[in-house]
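The values are calculated or read from the model by the stated rules, or taken from the named source; none is laboratory data. Just so we're clear, the structure is a prediction, and the values are computed from it rather than from any experiment. Positions of Cβ are generated from backbone atoms using ideal geometry, with glycine treated the same way; all protein chains shown enter the neighbour counts. Ligands, DNA and RNA are stripped out before the accessible areas are found, and what is left, the full protein with its side chains, is counted by its heavy atoms. Shrake-Rupley method; radii C 1.70, N 1.55, O 1.52, S 1.80 Å.
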Amino acid sequence: MAHIFNPENKDKLISDERKKIFEPEKLLNAAGLKNGMSVFDVGCGNGFFALPAAEIVGSSGSVFGFDLSQEMLDALNSRVEELDINNIKTFKVSEEGIDFSEIKDQINSKADFIIMANILHEVPELESFLDDYLEWLSEGGRLIIIEWRKKETEEGPGIEHRLAPKELYDLLNKKELRAIYSRIINNNYYLKILEK
Ligand SMILES: C[S@@+](CC[C@H](N)C(=O)[O-])C[C@H]1O[C@@H](n2cnc3c(N)ncnc32)[C@H](O)[C@@H]1O
């Protein structure tokens, strides 16, 4: 069975410690995110990447957050309201995936960036999941993936749930994505950036 994030632990996702590890604003800027761009944050949770992305893309850009968990989306929407942000829209998706035909009127263009941070190890049908979202990545658009390293570590999901970089590459190669950057973040996580 897939390891699904427990929303009771949501505060950990936006902790200062996590900010120090990922430096989300710096990471997104270095990945090439710019003012005016459109971003999909898939498995956006309570907005660890969606909020800094919204700041970078500014009022001429948009961030679309997708998540299975209404509790996580509610937490993100409260932060959006508190901070008076008006360029983030969120969508609740089902375990069967997303039907873009139902929401495409609310999404004005394809995504320049898709973020999948700490979500792919939670997805049982990875290939169809990737197909659904990657269809919405523009030509030249970038996919940012952060995942748990496939090794035993003190925290995080069991090793059987983790995705080795090679597994991901093999899958993403089939989707005609080209790896342009790769980095081990720390003992727990790796980062990959791919381009369509
Ligand atoms: C570990 S959290 C990471 C949240 C955020 N990306 C971050 O890095 O802070 C994983 C999130 O992915 C969501 N998730 C899991 N499977 C999903 C799916 N198939 N579609 C959309 N969201 C999913 C979970 O509900 C959870 O909010």
>> If the elastic network links every pair of Cα atoms under 10 Å, which of L171, L27, L83 fluctuates the most in the Gaussian network model of the chain?
In response: L83
> Using a probe of 1.4 angstrom, how much of the accessible area of the chain is carbon and sulfur, in percent?
Replying inline: 46
> What lysines sit close enough to K12 to cross-link, taking a C-alpha to C-alpha distance under 27 Å and skipping anything fewer than 8 places away on the same chain?
Replying inline: K20, K26, K89, K92, K150, K151, K192
> How much accessible area per residue does the chain have, in Å², with a 1.4 Å probe?
Replying inline: 52
> According to a simple spin-label model (label point 7 Å from Cα along Cα-to-Cβ), what is the distance in nm between I103 and E167?
Replying inline: 2.6
